[in-house]
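Enquirer: Provided herewith is a single structure, encoded as structure tokens, for subsequent inquiry.
The values are calculated or read from the model by the stated rules, or taken from the named source; none is laboratory data. Remember, predicted model here, so these are calculated numbers, not experimental data. When we count neighbours, we look across all protein chains shown, and the Cβ atoms used for this are built from the backbone with ideal geometry, even at glycine. For accessibility, only protein heavy atoms count, side chains too; no ligands or nucleic acids. Shrake-Rupley method; radii C 1.70, N 1.55, O 1.52, S 1.80 Å.
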Amino acid sequence: MALYVIGDLHLCLAAPKPMDVFGGAWTGYMDKLNSGISGISSEDTTILLGDISWAQSLDDAYDDFAWINRIPGKKIIIKGNHDYWWSTASKFSQFCMDNAFSDIHI
């Protein structure tokens, strides 16, 4: 069992705002994220420290949370200042239930 912590994912899988436009270390950042999570197992916990998605609403963030849901193990999220998709904890919990994102928690 291991604990992983990452912040500032700034996912935009359904929005036209990829971080690659910043160049440098951001080039190919989704490939880097996918590589970085490849060692996580179902026994592990990942804490996501905010600025998770550029989406403006939960519906628009679906693809981003579907990607997060594919990370093995338990995921705990903390709201960031750029998480404009956030409205309330109960709406997020309902969104997770409605979309079978059972391992994502606040």
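Enquirer: Mind listing just one residue for me: the one in region 5-62 that is acidic (Asp, Glu) and over 18 Å from Ile106 (Cα atoms) and, of those, farthest from the chain's Cα centre (by Cα)? Walk me through it before giving the result.
Expert: Of region 5-62, the ones acidic (Asp, Glu) are 8, 20, 31, 43-44, 51, 59-60.
Subset that is over 18 Å from Ile106 (Cα atoms): 20, 31, 43, 60.
Working: Asp20: 17, Asp31: 14, Glu43: 18, Asp60: 13 Å.
If we take residues in region 5-62 being acidic (Asp, Glu) and over 18 Å from Ile106 (Cα atoms), then Glu43 is farthest from the chain's Cα centre (by Cα).
Enquirer: Take the residues of region 76-99 that are of a type outside the set (D, E, K, R), more than 15 Å from Asp60 (Cα to Cα) and in contact (Cβ under 8 Å) with a residue 12 or more places away in the chain: which is surrounded by the most Cβ atoms within 10 Å (Cβ to Cβ)?
Expert: The selected residue is Ile77.
Enquirer: Here's something else I'd like to know. Among the residues that make up region 28-48, is at least one of them under 15 Å from Trp86 (Cα atoms) and open to solvent by less than 20 Å² (accessible area, probe 1.4 Å)?
Expert: yes
Enquirer: Still on this structure, please answer the following. Hand me the list of helices (runs of 4 or more DSSP H) wholly inside the chain holding 2 or more residues that are of a type in the set (S, T, N, Q).
Expert: The qualifying helices (runs of 4 or more DSSP H) are 29-36, 89-98.
Enquirer: Scan region 23-74 for residues that are free of Cβ contacts under 8 Å to residues at least 40 places away in the same chain and at positive phi and jot them down.
Expert: Residues satisfying the conditions are Gly23, Gly24, Gly28, Gly73.
Enquirer: When you look at Asp98, is it over 14 Å from the mean Cα position of the chain (by Cα), modelled with pLDDT under 95 and acidic (Asp, Glu), yes or no? I'd like the intermediate steps shown before the answer.
Expert: Working: over 14 Å from the mean Cα position of the chain (by Cα): yes; modelled with pLDDT under 95: no; acidic (Asp, Glu): yes.
Considered against the rule, which asks whether it is over 14 Å from the mean Cα position of the chain (by Cα), modelled with pLDDT under 95 and acidic (Asp, Glu), Asp98 comes out as no.
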